[in-house]
Amino acid sequence: MWKARFAFARRLCVLVVAAASAWCPFGSSWAAAQQTGADLSWVPDRAFVAAVVRIAPVLEHRDAQLFPMEVISAWSHRDLGLDPLAIDHVLLVATLGGGDRPEPIPEIGIVIRLTKPYRLEDILPVLRDQTAEGQLDGKPARRAPFPMPSYLMADDRTVLVGHEPLLRAMLENHRQPKPGELVQLMQQTPAEADVRLWVLVEPLRPILAQVLRSGELPPQLMPVAQTVISSIKSLTAEYSVVGKPVARLTVTAIDERRAQQLERMITELISQAREQFLTEIAAEFEGSDELQQAWGKYVQRLFDYVVNLVRPQRNKDRLVVDVFRGEGTPQMGPVTTGILVGLLLPAVQSAREAARRMQCANNLKRIGLAMHMYHDQHRRLPAMASRDSQGRPLLSWRVHLLPYLDQLELYQQFRLDEPWDSDHNRQLIARMPDVYRCPSAPVPPHMTVYQVPVAPGTMFGNPAGTTFAEVVDGTSNTLMIVERAPAKAVIWTKPEDWEVDFNNPLEELIGDHPRGFNACFADGSVRFIEQQTAQLLRAWLTIAGGEVVP
């Protein structure tokens, strides 16, 4: 009996979809929902990012029995006012808004599709205090000024949350659907995965180019990033949390030639990463013990297997990374996965720390370059602190360096004749630029470990500011900026730095980087200083000590 009912229900669904397709605009949002698991009429034609996440089907799956359902349910009821099992799926949409703003910025819209009816006053209590009762496009809504989100019920099972200009565009497109390029890309992706993401790169190119020009990326990665940004047309990612394993990334290039170029570049990067990783593995399993060497070979074999899984396969203008690409592909079970994670974790941590150390060094290079730009304009380095007429310290050198770190707008908001903790200047503490943040230092967001040495005879021992002409020991032999231990972090606007103890200068410098710390020298170079250099460190600290530096 149940088989007959199931067959009847399936035929009925097919008939409904077919009938809807005959009259519904843009090839039918019903048909689109059947293909992607969401109603694509909510996606405006100017959207460049979309994502669909299934909620209730995942949480109800037998594979989700060990999920922290109690925590998920408590959070969902408290902040969303919804039973998590009442959320069928969530559709996220992003566009680049313009309007009165000088530069386009991303606008976010979210569609929450429910499995049962809800009332507007019962949902999203987390936003209730930040919104006011009103109407949007003729529908009751909770409204807030940009950039805070507004929200409304499009119907008793559909919640829309987001910036109002985008919400209006979504409502308009839902009434009169216009299938843009992103929707066409979404319709090509079957709804077999629990999480799906689509990105059109073309609208993002100006923003990505600006990010590259900002200098945040390490110089050695610039050519790779430029090639990627100029070559990719779109990205599609799919991942399943439960059920049939799905983990797939599809990169569509502008043309086949660009796809070939991307394939060569990615293959080369994977080979370089493999060599670095295997070097770390060899260090972890070095020794003459036969069993330890056997473990090393096993880990190398597993790692090579993983590398082959993520190696992209090219088909004309597309590159596809499909972890579960074939029925014959051996899958890593829980035991194998656990062993692999345990064995590779030290090497992963080592590689991650190397990346963090590189980012830290890049930060110091930018700060060092800003120091030179300041010196070029003012004929001396900034003093450790600016001072008032009574000689009391006001603001740190880090504040006065802001115009040379592409932070002129932030610098102009400071009152330079007031101390760092005045009522006005204190409000700017939370806006610390990322360049003052070490990725390895576990410190609060408004504190920094990047400091200058302050003591007679050092680069910042002169209250009026030092000139490079005074560095007779040589700029390549004199420390200018150091990375201190996280416990010695300071508020970035506060005129507080490293009070050097020449008897033990190394003690307060060893932080979360293993074996040493990064330092920027007066010539702008950045070096990683090992712990075994205490004597040499004293020589590096003075600008005119006359020490012999080997």
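Going residue by residue through segment 333-349, is there one that turns out to be assigned to a helix (DSSP H, G or I) and either in the same structural domain as residue 516 (by TED's automatic domain parsing) or modelled with pLDDT of 95 or more (or both)?
no
Could you look through segment 442-470, keep only residues that are among the aliphatic types (A, V, I, L, M) and either free of Cβ contacts under 8 Å to residues at least 12 places away in the same chain or part of a loop (DSSP other than H, G, I, E, B) (or both), and pick out the one that is farthest from residue 485 (Cα to Cα)? Before the answer, list the steps.
Just the residues of segment 442-470 that are among the aliphatic types (A, V, I, L, M), to begin with: 443, 447, 449, 452, 454-455, 459, 464, 469.
Remaining after also requiring either free of Cβ contacts under 8 Å to residues at least 12 places away in the same chain or part of a loop (DSSP other than H, G, I, E, B) (or both): 443, 449, 452, 455, 459, 464, 469.
Working: 443: 10, 449: 7, 452: 13, 455: 18, 459: 20, 464: 27, 469: 30 Å.
In this case the residue turns out to be 469.
Condition first: touching a residue at least 40 places away in the same chain (Cβ under 8 Å) and either crowded, with 17+ Cβ neighbours inside 10 Å or in a loop (DSSP other than H, G, I, E, B) (or both). Now tell me which residues in segment 430-441 satisfy that.
Once the filter is applied, which keeps residues that are touching a residue at least 40 places away in the same chain (Cβ under 8 Å) and either crowded, with 17+ Cβ neighbours inside 10 Å or in a loop (DSSP other than H, G, I, E, B) (or both), segment 430-441 yields 432, 435, 436, 437, 438, 439, 440, 441.
Given the condition assigned by TED's automatic domain parsing to the domain that holds residue 365, within 30 Å of residue 379 (Cα to Cα), surrounded by fewer than 18 Cβ atoms within 10 Å (Cβ to Cβ) and at pLDDT below 90, answer yes or no: does some residue in segment 481-497 qualify?
For segment 481-497, residues assigned by TED's automatic domain parsing to the domain that holds residue 365, within 30 Å of residue 379 (Cα to Cα), surrounded by fewer than 18 Cβ atoms within 10 Å (Cβ to Cβ) and at pLDDT below 90: absent.
So that you can scan it fast, the table gives a plain yes or no per residue for (1) under 24 Å from the mean Cα position of the chain (by Cα); (2) modelled with pLDDT of 90 or more; (3) over 17 Å from residue 171 (Cα atoms):
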{"position": "30", "(1), (2), (3)": "no, no, no"}
{"position": "35", "(1), (2), (3)": "no, no, yes"}
{"position": "51", "(1), (2), (3)": "yes, yes, yes"}
{"position": "63", "(1), (2), (3)": "no, no, yes"}
{"position": "67", "(1), (2), (3)": "no, no, yes"}
{"position": "82", "(1), (2), (3)": "no, yes, yes"}
{"position": "93", "(1), (2), (3)": "yes, yes, no"}
{"position": "106", "(1), (2), (3)": "yes, no, yes"}
{"position": "113", "(1), (2), (3)": "no, yes, no"}
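Check segment 406-426 and report whether any residue there is assigned by TED's automatic domain parsing to the domain that holds residue 527, out of contact with any Phe, Trp or Tyr (no Cβ under 8 Å at 6 or more places or on another chain) and at positive phi.
Looking for residues that are assigned by TED's automatic domain parsing to the domain that holds residue 527, out of contact with any Phe, Trp or Tyr (no Cβ under 8 Å at 6 or more places or on another chain) and at positive phi, one finds at least one in segment 406-426, hence yes.
Determine whether segment 182-189 contains at least one residue that is among the hydrophobic types (A, V, I, L, M, F, W, C) and farther than 18 Å from residue 251 by Cα.
Within segment 182-189, none of the residues are among the hydrophobic types (A, V, I, L, M, F, W, C) and farther than 18 Å from residue 251 by Cα.
Which is surrounded by fewer than 17 Cβ atoms within 10 Å (Cβ to Cβ) and over 29 Å from the mean Cα position of the chain (by Cα), of 132, 141?
Residue meeting the stated conditions: 132.
Name, by its number, the condition in (1) crowded, with 16+ Cβ neighbours inside 10 Å; (2) in contact (Cβ under 8 Å) with a residue 24 or more places away in the chain that does not hold for residue 116.
With (1) crowded, with 16+ Cβ neighbours inside 10 Å; (2) in contact (Cβ under 8 Å) with a residue 24 or more places away in the chain applied to residue 116, the lone miss is (1).
Could you please let me know if residue 142 is assigned by TED's automatic domain parsing to the domain that holds residue 95, of a type outside the set (Val, Ile, Thr) and assigned to a helix (DSSP H, G or I)?
Considered against the rule, which asks whether it is assigned by TED's automatic domain parsing to the domain that holds residue 95, of a type outside the set (Val, Ile, Thr) and assigned to a helix (DSSP H, G or I), residue 142 comes out as no.
Take residue 403 and decide whether it is in contact (Cβ under 8 Å) with a residue 60 or more places away in the chain and surrounded by 16 or more Cβ atoms within 10 Å (Cβ to Cβ).
So residue 403 fails the test.
The values are calculated or read from the model by the stated rules, or taken from the named source; none is laboratory data. Every value quoted in this text rests on a predicted model; they were computed, and no experiment measured them. Heads up, the Cβs are rebuilt from the backbone with ideal geometry, glycines too, and the neighbour counts pull from every protein chain shown.
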